[in-house]
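The values are calculated or read from the model by the stated rules, or taken from the named source; none is laboratory data. Given the structure is predicted, the values throughout are model-derived calculations rather than measurements. No Cβ is skipped: glycine too gets one built from the backbone with ideal geometry, and neighbour counts run over all protein chains shown.
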Amino acid sequence: MKIILAIDSSDFSKVAIKVLTKMPLPNGSEVCIINVYEHPAMATPELMATAGTLDDYFNEFVANAEKSGKRIVSVAAEELKKSNSTITITTSVVSGLPKKEILEKAESFEADLIVVGSQGQGAFSRFLLGSVSQYLATHAKCSVLIAKEKDSK
């Protein structure tokens with residue numbers, strides 16, 4: 001079984017990781033953990049043309065986003081490996097629109113399943129672009145598991 005686990009630093013992603021660690025996966029399953037960060041210039045590409053301090057800001061942002069993304073996927077990989085030592089895990093940190101990048105990764109990976117949290121950290125992006133999980137559920141060519149925390153009531 002080939003699975004994409006799409007995560008960010010949100011509590012909703014932590015739920016997705018937890019749900020996947022509890023799933024009984026067949027031996028030899030492959031999990032690709034992806035973190036997508038949105039470059040701030042994606043909303044205003046004309047800003048990329050300016051030089052100097054603004055360019056330094058973007059370079060620093062990208063370096064920090066990649067570092068954070070690598071930490072996020074590394075922690076998730078460790079948790080998954082503890083729960084199931086028979087799975088193969090790869091990680092990916094990319095810049096772009098989350099719903100687009102996750103879908104493209106799922107198609108190139110030939111995923112059987114995409115696992116995501118019910119919401120991510122980018123409220124502004126959700127406002128502009130719609131829910132990533134909703135988009136994946138309606139556009140993916142494979143099954144999508146939208147992990148939610150059970151009510152503690």
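Select from the range 16-41 the residues that are over 21 Å from Lys70 (Cβ atoms) and of a type outside the set (Gly, Ala, Ser) and list them in ascending order.
Val19, Lys22, Met23, Pro24, Leu25, Pro26, Asn27
So, of the residues in the range 18-33 that are surrounded by fewer than 23 Cβ atoms within 10 Å (Cβ to Cβ) and of a type in the set (Val, Ile, Thr), which turns out to be nearest to Gly117 (Cα to Cα)?
Val19
Got a sec? Which helices (runs of 4 or more DSSP H) wholly within the range 34-151 have at least 2 residues that are at pLDDT below 95 and aliphatic (A, V, I, L, M)?
So the answer is 53-83, 123-129, 132-139.
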